[in-house]
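One structure is given below, encoded as structure tokens.
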Amino acid sequence: MRQPTLFEGTKRLVYDEAIDLTLQSLQAYGPAHDHWAIAWSGGKDSTALLTLIIHLIEVGRIAAPKTLTIFYADTRQELLPLAIAAQRITAQLAARGIAVEIVMAPLDKRFLVYILGRGVPPPNNNTLRWCTRQIKIDPMADALEARLSALDGNVLMLTGVRQGESAIRDQRIVMSCGKDGAECGQGWYQQVLPNAKGIRGRIATLAPLLHWRVCNIWDWLRVFAPMREYGGWSTALIADVYGGDEAEERNARTGCTGCPLTDKDLALDNLIAMPDWAYLAPLKGLKPLYRELRLPRNRIRKTGLEFRKDGTPAANPQRMGPLTFEARLMGLDRVLVIQGQVNEAARSLGRPEIDLLNAEEEARIRELIAAQTWPHGWDGDEPTADTPLDTVFRDGSIQPLLV
Ligand code: SF4
């Protein structure tokens, strides 16, 4: 495939060189594997990968594997235009006879059910980053394990991990999902997934876009992929999440709506600045809600020292723990209000509605609360974390409360 050179200068990769390198890597590693799989998040990098691979197979630039399985990682927290683009591309794939397997965490482990039903605090950067593994990696590993059990031999897992030009100098893949507008989970798919229980040793991973710069991604998604000769893909909408016409400069990281691990909701801010998506503005209430839920008044705490199985004291005496039932109900109510506000506006504007929390998930949250469910290791008789207590140190010494 020859494409026009879009960039001048010697430092930047030109578009056709980027695709050439992708082709070379696929031609070098692809034929050694009968079965390929693609981990598709619906974000820009993995969508570019998916549509390009199908296109390259369709035009005969790479040989089709015996089987190709596309796993769509649906966290239930995707930003709306990405979810819509994923639905459209799934339909386009179906029209070509290519099925997409939707991969989702089981009900009790989904982001909002786990927080509001089971009471586990929203993740943060310091102590608890349970979310990526639980809503992205583990379900993908389970889906792959099920797929592998139906196949002979190994699977080549293709991921959209990118590192731009630095990839050519440095072949290491970083876990960081804040780099160069990456999608949450990318590096994990490449590094953590192959070692997951049940699939260890049976998948190889390849990142055919590793060397792509963000400009290569946008040229593919916005200019080429939508053209009929390149597949006519519904990829243009994806740019809205990353900043519309300025997507390349803004280069927002994407992940869950209101992701508590980022300082700013850059992708959501980009979106609601556009008249078509301004009605999503109430979603800005999610991040402050997740922060608020982590406050001591909304959680319980251990009163003293805990011991590990080997008898040594745990590192963090009097640690803060799960959410109180009141906090969970407050959080549930706020999420439902936010969803209701957005969807009421959507209906009056004739725009698409959001589906952050469906009826099944809401019912399960209420059921878990009614059953007085606490995470493992907690009874619920611990005091709330804003209750003044004597301070217990790791060596067992106690500093009485100063009154
Ligand atoms: S986007 Fe944020 S909340 Fe979602 S899985 Fe990634 S780190 Fe967790």
List the residue pairs whose Cβ atoms are under 7 Å apart, where the first residue sits in region 152-164 and is surrounded by fewer than 22 Cβ atoms within 10 Å (Cβ to Cβ) and part of a loop (DSSP other than H, G, I, E, B), the second is of a type in the set (Lys, Arg) and modelled with pLDDT under 90, and the two are 6 or more positions apart or on different chains.
ASN154/ARG202; GLY164/ARG213
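The rows are residues; the columns are (1) in contact (Cβ under 8 Å) with a residue 12 or more places away in the chain; (2) in the same structural domain as LEU116 (by TED's automatic domain parsing).
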position	(1), (2)
ILE203	yes, yes
HIS211	yes, yes
ASN216	yes, yes
MET227	no, yes
TYR230	yes, yes
ALA239	yes, yes
THR254	yes, no
ILE272	yes, no
LYS287	yes, no
Failed condition for VAL113, given (1) touching a Lys or Arg at 6+ places or on another chain (Cβ under 6 Å); (2) β-branched (Val, Ile, Thr); (3) surrounded by fewer than 18 Cβ atoms within 10 Å (Cβ to Cβ), with all others met?
(3)
Residue set LEU112, LEU93, LEU79; condition among the hydrophobic types (A, V, I, L, M, F, W, C), within 16 Å of the ligand (Cβ to nearest atom), under 20 Å from LYS44 (Cα atoms) and in the same structural domain as HIS55 (by TED's automatic domain parsing); output residue LEU79
Residues that are touching a Cys at 6+ places or on another chain (Cβ under 9 Å), at least 1 per element: which helices (runs of 4 or more DSSP H) completely within region 9-118 meet that?
15-29
Where residues in region 262-272 are farther than 18 Å from ILE338 by Cα and surrounded by fewer than 21 Cβ atoms within 10 Å (Cβ to Cβ), which of them is nearest to the ligand (Cβ to nearest atom)?
THR262
When you scan region 240-261, how many residues do you find that are part of a loop (DSSP other than H, G, I, E, B) and within 9 Å of the ligand (Cβ to nearest atom)?
8
Where residues in region 230-239 are assigned to a loop (DSSP other than H, G, I, E, B) and of a type outside the set (Phe, Trp, Tyr), which of them is farthest from the ligand (Cβ to nearest atom)?
GLY232
Positions within region 77-114 being modelled with pLDDT under 95 and of a type in the set (D, E, K, R), in sequence order:
GLU78, ARG96
Within region 227-259, the count of residues that are over 27 Å from LEU283 (Cβ atoms) and not hydroxyl-bearing (Ser, Thr, Tyr) comes to 5
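The values are calculated or read from the model by the stated rules, or taken from the named source; none is laboratory data. Remember, predicted model here, so these are calculated numbers, not experimental data. No Cβ is skipped: glycine too gets one built from the backbone with ideal geometry, and neighbour counts run over all protein chains shown.
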